[in-house]
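The values are calculated or read from the model by the stated rules, or taken from the named source; none is laboratory data. Predicted, not measured: the structure shown is a model, and the values here were computed from it. Glycine gets a Cβ as well: all are built from the backbone with ideal geometry, and neighbour counts include every protein chain shown. For accessibility, only protein heavy atoms count, side chains too; no ligands or nucleic acids. Shrake-Rupley method; radii C 1.70, N 1.55, O 1.52, S 1.80 Å.
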Amino acid sequence: MRNIVVLSGSSHPALVDQICARLGVSPGQVKLSKFANKETNVEIGDSVRNKDVFIIQSGCGAVNDNLMELLIMLAACKTASARRITAVIPCFPYARQPDAPYKKNGMPLSRVPPNVFFGYTGASTPFSLPVTPAGTPLQTPSLDRIDRKNPFDKMFDSTNESNSDIESAATSPILSPSGATPALSNLRIEGEVTKPRLLAPRGIRPQALSQPSHLLLPAINGSSAANNAQNCVTSDQVNPNKGGYKHWVARSGTLIANLLVTAGADHIITMDLHDPQFQGFFDIPVDNLYGQPLMVKYIRDKIPNWEDAVVVSPDAGGAKRATVIADKLGMEFALIHKERRQIQAPHKSDMMLVGDVKGKVCILVDDIADTSFTITKAAKVLQQNGAQKIYAIITHAIMSGDAITRIQNSCIDQVIVSNSIPQEEHLTGCSKMKVFNVAPIFAEAIRRIHNGESVSMLFDVMDLI
């Protein structure tokens, strides 16, 4: 292959060697090091002028360092007048933005804590009340008749009053004796002026606040500030768990896409994005390769009696991924669904199996295993429902923390993962783990893109190995 340069980052050099061996080229000369202050230093030893450059860097290990290293390599090749620069990222970093909160130990919560929505209203009204910093009294108009609609729990007193009085109050302020415009707290509701008062959740009693004078509410209609403070609650009373989930989560997808494009990337190749819509953040072509063809080949070649097995998705989000494999092989499909059945303990969810697995071999299919909570709990549910043997096939096995120990002690008989992330250390710690190779599919994608050929055949079952 002419006019092609394949450069390797420091995240996964073994995968780069396998891809280059498949392509029949040698990896480009690049020196990666750190300065004394831990800044990244990149020195490219081969000429990339007017060349088709492919930089292979997986988002694993020290993710932030590897990402910065990739950005510097992209910028260096762009400055050196490369004809086209393609970033090959087998495991894409920052693509798994949580849709649900997580506990400190990595386990996903079944729902957002209801006290996060304290003061939430269904409509976008000026009375929507966010959680304020700790120790700060909440100042608001009378909320006695505002319809509080908590989307998760009935933690507030119900009301039969309509919102018409409140809407009229918002447009009918009372003028003070001096004729000045009053504060928002003085609103007319059914012909009377009310003091700011906020209903606390059931079981929480608003108490007098021992706050500095500049944080207390001013006196209203001759009443003392201390009396007004008794009608308010602080965020400490609303949310006593200060270390809990914060409702506003920063979404970094657009930022990562802009960083890669600005650094010089003209094309992105990755595999099994956790959210396929992540491609929409880019203004350049993104080829999201699928790991299902390699999984299908492994099932056919390595799992005995696979015809009678059942493909299982460990959660509802991966149902489409698992059904693709089940349809290709003509196998049965099952799904594990999280359902909240207990009204007394709404935070606790039950895992419910949809499908029949009694006396059958089960194959769990997932795209990412980080803490391995989901995959091990799903395997336990299958075992309780009479599964004969349990396999788990995972594309990106990150295995953070004690995930390897958790899998080793679980009821999973065998875990099959790809080498999109280095697995040498994981293999030594887990006797149940096997690896399938994704280098052929990346090598074929690089070859076809370099030659200007279509890559659509890579999205179907193939025989590359």
How much net charge surrounds Thr79 when only the other residues with a Cβ under 15 Å from the Cβ of Thr79 are counted, with Lys and Arg +1 and Asp and Glu -1? +2
If R0 is 22 Å, what FRET efficiency do you get for Arg300 and Asp356 from their C-beta distance, rounded to 0.05? 0.45
On a 1.4 Å probe surface of the protein chains, which of Tyr290, Tyr391 comes out largest in accessible area, and what is the full order? Tyr290, Tyr391
Distance from the Cα centre of the range 274-289 to that of the range 256-271, in angstrom? 10
The answer for the net charge of residues other than Trp306 whose Cβ lies under 12 angstrom from its Cβ, with Lys and Arg +1 and Asp and Glu -1, is +2
List, in the order given, every pair from Lys31/Lys434; Lys377/Lys434; Lys31/Lys78; Lys302/Lys358; Lys302/Lys432; Lys338/Lys434 whose Cα-Cα distance in the structure shown is over 25 Å. Lys31/Lys434; Lys338/Lys434
Two-site label geometry, Thr405 and Asp308: point separation in nm, points 7 Å out along Cα→Cβ: 3.8
5 angstrom amide H check on Ala387, placed H, neighbours 5+ away: Gly359
Once the Cβ-Cβ distance between Asn258 and Lys434 is put in as r, and R0 is 30 Å, what FRET efficiency do you end up with, to the nearest 0.05? 0.20
Obtain the nm distance between the two label points defined at Ala316 and Glu43 by a simple spin-label model: each point lies 7 Å from its Cα along the Cα-to-C-beta direction. 5.6
Distance between Cα centroids, the range 52-95 to the range 393-465: provide it in whole Å. 20
List Ser252, Ser431, ordered by accessible area with a 1.4 Å probe, largest first: Ser431, Ser252
For Met271, what charge total do you get from the other residues with a beta carbon under 11 Å from its beta carbon, if Lys and Arg give +1 and Asp and Glu give -1? -3
Could you go through the range 371-388 in sequence order and give the Karplus-derived ³J(HN,Hα) for each residue, using 6.51 cos²θ - 1.76 cosθ + 1.60 with θ = phi - 60°, rounded to whole Hz, and x for Gly and Pro? 8, 6, 5, 5, 5, 6, 5, 5, 5, 5, 5, 5, 5, 5, 9, x, 5, 7
